[in-house]
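A.B. asks: I have a structure I would like to understand better, so I am pasting it below and will then ask my questions one at a time.
The values are calculated or read from the model by the stated rules, or taken from the named source; none is laboratory data. Everything numeric here is computed off the predicted structure, so don't read it as measured data. As a convention, Cβ positions derive from the backbone with ideal geometry for all residues, glycine included, and neighbour counts pool all protein chains shown.
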Amino acid sequence: MQFNRRSTIICIVALWMAWGCTPEEPADLLSPEAFSIYPETGTIGDTIRMRVTKLVPEQVDFYRVLFGETDSRIVDIKPNEISIIVPEPLKTGTSTIQIIGYNFRYSSLKPFVLTPPEILSYDRCTLTEDTLTIVGKNFNPNWSWMEVTFNGEPAKVIGGNRSSLQVITPVIAYPDAKAQIKLHMADYRIQGKEDVCIEDSWLMVSNDAPDFFVNFQGSFVIGSKAYFPIRKDDPLENELLVYETKNRSWTSKPMEVPLHPISTVIGNSRNGYIYNPSGNDNFFEYDPVTDTWEAKNNFPGINRDYPVMFAIGKYIFLGLGNDQNAPWEPNYADFYRYDPDQDKWERMADLDFGSYPPKLKMSCTVIGEKAIISGGAYSDGNFGVWMYHSDKNLWERKNDFPHAMNFSEGFSFNGDGFVTQGRQVWKYNLQNDSWDSVDAVGFAYRYRTFAFVVEGKPYIGGGDAVPPNAWGNPTRNVYRYDRPSFQ
């Protein structure tokens, strides 16, 4: 009969099981007594050799080798040596290697130490959603096991090898326009020596605005703070959100005055003002020193929906709008100026829109003594733009806006006027009476956003986003205009 060594081993194993041997009763024929490893350090994917005594090469299928709790692949086995691969999903930098058989578990005399990764260089500046390359060494050759964070937030790793990684710069808040990079492999956390500068034109500075940060009424700015009246389904839950730009903090307080779906808000740098088109009192002033609202002399015109409201100097201008409840929804032409020092209204020059359809919340941007109103489109084709000269008290028709839109927002910056609907931004050229599309805001299309300027810096944020959950939560983002492309 031909001798078959593997069959003999199987028979021995069967006898061992029949005799009732337990893990506490090591079978000398099958159990290595002790082992050492070499080299004792290495990188992911390296071959490590284990010097073992009393090893049966034909039992390769019966042995299991672990780095800590992570399985390793056996690539070769000899009477006194096993060759294994340092596993890709290794979880710790220092691991005791164990060899496990039917009735034994032995540990290496010394632990294996994974060579830590090193970061040698990376792109010094980047844009969000752009690819950044990190050059280094001792990386996991399977890049899917590598992790990279920007300011503690995970970035998407899209490729790499032992000496480089390609990652997508995440869309997160970078209030200081820079990011600290960390590389995660096993339990190593390796930090880059220098910060990466973020060169977005519109830089996300906050991603934690309260929920439902949507512009229905408007906003106003006093000092370094921006104020946002927020209307809720339950009037008792209406609130005034306050964003402190210096430390990027949010606070909330109950609204002490009524807030309607078509209330309108503006400020003149000293106080905030709100127009409510119903009730006995329809005009209120907010005092930031006492943190209170006070009823002022009522707006003298007919109560109206979607009026135009803006501030030039200390004066508040209010008028136009329409009546959404009338069957034909007529536009109003009357226009008024409020003097807060005198608590007095004065009628100014009318603006007759003629045959234009009703206006749905026009945007306004103020440049010096001039106010430019646009948008409010009720249907496609409503591109009209008008300029009010406050020093002359007259209206002037200007060239059309490039698009028909409503619920847009205007702001002024460095002597120029701007209009946005959330992501797209247009700049008004006063000299040639034209509009240019400029730097887009973030990556989500928005609607009913806020636009405001604090200490010379424009901000855009909040609103309804399409799609609602892409690139974080856009309705809770605030962006600051850090790098205008036209300067």
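A.B. asks: State all residues of region 314-339 that are surrounded by fewer than 22 Cβ atoms within 10 Å (Cβ to Cβ), without any contact (Cβ under 8 Å) to a residue 60 or more places away in the chain, assigned to a loop (DSSP other than H, G, I, E, B) and not aromatic (Phe, Trp, Tyr); if no residue qualifies, say none.
C.D. replies: Lys314, Asp323, Asn325, Ala326, Pro327, Glu329, Pro330, Ala333, Asp334
A.B. asks: Out of all the residues in region 243-253, is one or more buried (at least 20 other Cβ atoms within 10 Å of the Cβ), more than 26 Å from Val438 (Cβ to Cβ) and of a type outside the set (Val, Ile, Thr)? Talk me through it step by step, then tell me what you get.
C.D. replies: Kept after step one, since they are buried (at least 20 other Cβ atoms within 10 Å of the Cβ), are these residues of region 243-253: 243, 245.
Checking the rest, the ones that are also more than 26 Å from Val438 (Cβ to Cβ) come to none.
Scanning region 243-253, I find no residue that is buried (at least 20 other Cβ atoms within 10 Å of the Cβ), more than 26 Å from Val438 (Cβ to Cβ) and of a type outside the set (Val, Ile, Thr), so the answer is no.
A.B. asks: Name the residues in region 278-293 that are at pLDDT 95 or above and among the charged types (D, E, K, R), would you?
C.D. replies: Glu285, Asp287
A.B. asks: Looking at (1) at pLDDT 95 or above; (2) farther than 25 Å from Leu351 by Cβ; (3) among the hydrophobic types (A, V, I, L, M, F, W, C), can you tell me which one Ala311 breaks?
C.D. replies: (2)
A.B. asks: Kindly indicate the residue of region 371-389 that is in contact (Cβ under 8 Å) with a residue 24 or more places away in the chain and not in a strand (DSSP E or B) and also farthest from Ala465 (Cα to Cα) among those meeting that condition. Talk me through it step by step, then tell me what you get.
C.D. replies: Taking region 371-389 first, the residues in contact (Cβ under 8 Å) with a residue 24 or more places away in the chain are 371-380, 382, 384, 386, 388.
Subset that is not in a strand (DSSP E or B): 376-380, 382, 384.
Numbers: Gly376: 19, Ala377: 20, Tyr378: 21, Ser379: 21, Asp380: 22, Asn382: 24, Gly384: 26 Å.
Out of the qualifying residues, it is Gly384.
A.B. asks: Has region 174-185 got at least one residue that is under 17 Å from Tyr459 (Cα atoms), of a type in the set (A, V, I, L, M, F, W, C) and outside the structural domain of Tyr306 (by TED's automatic domain parsing)?
C.D. replies: Step one: list which residues in region 174-185 are under 17 Å from Tyr459 (Cα atoms), which gives 174-177.
Still in the running and of a type in the set (A, V, I, L, M, F, W, C): 177.
So of that shortlist, the ones also outside the structural domain of Tyr306 (by TED's automatic domain parsing) come out as 177.
Yes: one or more hits.
A.B. asks: While we're here: Looking at region 58-103, what strands (runs of 3 or more DSSP E) fall wholly within it and have at least 1 residues that are modelled with pLDDT under 95 and outside the structural domain of Thr47 (by TED's automatic domain parsing)? Walk me through how you get there before you give the answer.
C.D. replies: On the way: elements: 64-67, 73-78, 81-85, 97-100.
Once the strands (runs of 3 or more DSSP E) in region 58-103 are filtered for at least 1 residues that are modelled with pLDDT under 95 and outside the structural domain of Thr47 (by TED's automatic domain parsing), nothing remains.
A.B. asks: Taking the criterion of being in contact (Cβ under 8 Å) with a residue 60 or more places away in the chain, over 27 Å from Tyr459 (Cβ atoms) and not charged (D, E, K, R), would at least one residue in region 160-171 satisfy it?
C.D. replies: no
A.B. asks: Of Asn276, Asn282, which residue is without any contact (Cβ under 8 Å) to a residue 40 or more places away in the chain, buried (at least 19 other Cβ atoms within 10 Å of the Cβ) and under 36 Å from the mean Cα position of the chain (by Cα)? Outline the logic, then answer.
C.D. replies: Details: Asn282 fails: under 36 Å from the mean Cα position of the chain (by Cα).
Answer to the selection: Asn276.
Each row is one residue, and each column tells you yes or no for (1) surrounded by 16 or more Cβ atoms within 10 Å (Cβ to Cβ); (2) among the hydroxyl-bearing types (Ser, Thr, Tyr); (3) under 14 Å from Tyr273 (Cα atoms).
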residue: Cys197; (1), (2), (3): no, no, no
residue: Met204; (1), (2), (3): yes, no, no
residue: Ala209; (1), (2), (3): yes, no, no
residue: Phe213; (1), (2), (3): yes, no, no
residue: Gly218; (1), (2), (3): yes, no, yes
residue: Ile222; (1), (2), (3): yes, no, yes
residue: Ala226; (1), (2), (3): yes, no, yes
residue: Pro229; (1), (2), (3): yes, no, yes
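A.B. asks: Also, I was wondering about something else. Condition first: aliphatic (A, V, I, L, M), part of a strand (DSSP E or B) and in contact with an Asp or Glu (Cβ under 9 Å, 6 or more places away or on another chain). Now tell me which residues in region 390-439 satisfy that.
C.D. replies: The first filter runs over region 390-439 and keeps only residues aliphatic (A, V, I, L, M), leaving 394, 404-405, 419, 425, 430, 438.
If we keep only those that are part of a strand (DSSP E or B) too, we end up with 394, 419, 425, 438.
Listed by number, the residues that qualify are Val419, Val425.
A.B. asks: Show me the strands (runs of 3 or more DSSP E) found entirely inside region 144-215 where at least 1 residues are more than 25 Å from Gly422 (Cβ to Cβ) and of a type outside the set (A, V, I, L, M).
C.D. replies: Details: elements: 147-150, 153-160, 164-168, 181-185, 188-191, 196-198, 202-206.
The strands (runs of 3 or more DSSP E) meeting that bar are 147-150, 153-160, 164-168, 181-185, 188-191, 196-198.
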